[in-house]
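The values are calculated or read from the model by the stated rules, or taken from the named source; none is laboratory data. All of these numbers come straight from a predicted model, not from anything done at the bench. Neighbour counts are summed over all protein chains in view; Cβ atoms, including those assigned to glycine, are modelled from backbone coordinates with ideal geometry. In case anyone asks, the SASA skips ligands and DNA or RNA and just uses the protein heavy atoms, side chains included. Shrake-Rupley method; radii C 1.70, N 1.55, O 1.52, S 1.80 Å.
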Amino acid sequence: LFVDYFYVIYPFTLFILLFGIYERIAWSTQVTVLSNFLRETGVRLFTLLIVIALWARWISFRSFVTLYSLQFGVVFVVLYLFLTMRKGTHLSIRLSDTTRKHYREMVTYAGFIVGGGLFMLIEQNFNTILLGSRSSLTTAGIFDLANFMATLLLVPKRSMQAAASATIATALKDSDMDHVARLYRKSCATLLIVSLFILGIIWLNIDHVFDLYKSQYRSGK
């Protein structure tokens with residue numbers, strides 16, 4: 001399947017890149033609610049619509065895969081138009097004075113970010129690829145279902161990270177370490193409470209979730 005639909009990697013990667021760039025612009029201009037909604041909810045709503053279309057046989061599986069590769073394209077257009085109306089899309093390829101002055105530090109920092117992101121992607125997808133190739137697509141599907149439920153715990157963290165990053169950056173620039181410490185303490189306490197709440201909901205309903213699937217999926221528990 002990966003070989004058959006390899007061509008969709010190109011639009012999929014392009015739109016993830018574009019959305020990621022404008023998501024950071026949104027974060028820096030304090031437009032975190034919309035960008036988080038588009039990433040966490042908008043993409044899933046679009047996916048739900050095309051899954052329904054596939055289930056109703058309005059589209060073929062090949063059309064479904066093609067549309068799936070455009071999911072970040074849809075949310076990118078929405079975010080781009082919103083930021084354009086706010087005149088917050090200042091994006092230039094010219095080197096600024098700040099970049100010329102601090103390019104060594106910026107390259108080093110970017111290297112750590114890219115390296116960390118690469119290993120995170122490998123960690124997220126390696127198990128699924130390995131199970132699908134060495135065992136079966138069913139095994140990979142069972143693992144993915146369980147993994148998706150666990151990923152719910154990351155939703156508050158992403159939202160908190162988006163909301164706090166610009167404030168923390170400003171506090172660090174001003175060397176206000178007390179403010180940074182307060183933000184970290186409050187965010188850690190909030191995330192712990194919210195994550196325990198989500199975990200409780202998942203575990204209370206875990207058997208009902210697996211009732212929706214074939215019996216062999218229950219091993220994902």
task = Would you please name the residue that is surrounded by the most Cβ atoms within 10 Å (Cβ to Cβ), looking only at residues in segment 145-182 that are part of a helix (DSSP H, G or I) and among the hydroxyl-bearing types (Ser, Thr, Tyr)?
result = SER159
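Determine, yes or no, whether LEU45 is in contact with a Phe, Trp or Tyr (Cβ under 9 Å, 6 or more places away or on another chain) and not charged (D, E, K, R). Quick ask: steps written out before the conclusion?
Details: in contact with a Phe, Trp or Tyr (Cβ under 9 Å, 6 or more places away or on another chain): no; not charged (D, E, K, R): yes.
Spelling it out, it is not the case that LEU45 is in contact with a Phe, Trp or Tyr (Cβ under 9 Å, 6 or more places away or on another chain) and not charged (D, E, K, R).
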inquiry  = Condition (residue is outside any helix (DSSP H, G or I), open to solvent by 40 Å² or more (accessible area, probe 1.4 Å) and not basic (Lys, Arg)) applied to segment 33-48: is it met by at least one residue?
reply    = no
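Answer yes or no as to whether LEU95 is within 30 Å of ASN147 (Cα to Cα) and either open to solvent by 100 Å² or more (accessible area, probe 1.4 Å) or within 19 Å of the chain's Cα centre (by Cα) (or both).
Details: within 30 Å of ASN147 (Cα to Cα): no; either open to solvent by 100 Å² or more (accessible area, probe 1.4 Å) or within 19 Å of the chain's Cα centre (by Cα) (or both): yes.
For LEU95, the condition - within 30 Å of ASN147 (Cα to Cα) and either open to solvent by 100 Å² or more (accessible area, probe 1.4 Å) or within 19 Å of the chain's Cα centre (by Cα) (or both) - is not met.
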inquiry  = Among the residues of segment 19-29, are any assigned to a helix (DSSP H, G or I), at pLDDT 90 or above and of a type in the set (A, V, I, L, M, F, W, C)?
reply    = yes
note = Within segment 3-16, of all residues that are of a type in the set (A, V, I, L, M, F, W, C) and surrounded by 12 or more Cβ atoms within 10 Å (Cβ to Cβ), the one farthest from LEU154 (Cα to Cα) is VAL8
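Quickly run through segment 191-221 and pick out the residues that are of a type in the set (A, V, I, L, M) and touching a residue at least 12 places away in the same chain (Cβ under 8 Å).
Step one: filter segment 191-221 for residues of a type in the set (A, V, I, L, M), giving 191-194, 196, 198-199, 201-202, 204, 206, 209, 212.
Once the filter is applied, which keeps residues that are of a type in the set (A, V, I, L, M) and touching a residue at least 12 places away in the same chain (Cβ under 8 Å), segment 191-221 yields LEU191, VAL194, ILE198, LEU199, ILE202, ILE206, VAL209.
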query = Which one of the conditions (1) open to solvent by 90 Å² or more (accessible area, probe 1.4 Å); (2) touching a Phe, Trp or Tyr at 6+ places or on another chain (Cβ under 8 Å) does ARG185 fail to meet, given that it meets all the rest?
reply = (2)
note = Going through (1) more than 15 Å from the chain's Cα centre (by Cα); (2) surrounded by 13 or more Cβ atoms within 10 Å (Cβ to Cβ); (3) at pLDDT 90 or above one by one, THR89 fails only at (3)
note = Of the residues in segment 66-121, those that are among the small types (Gly, Ala, Ser), touching a residue at least 40 places away in the same chain (Cβ under 8 Å) and assigned to a helix (DSSP H, G or I) number 1
note = Of the candidates THR170, THR151, THR128, THR138, the one satisfying the condition of being in contact (Cβ under 8 Å) with a residue 60 or more places away in the chain and of a type in the set (Ser, Thr, Tyr) is THR138
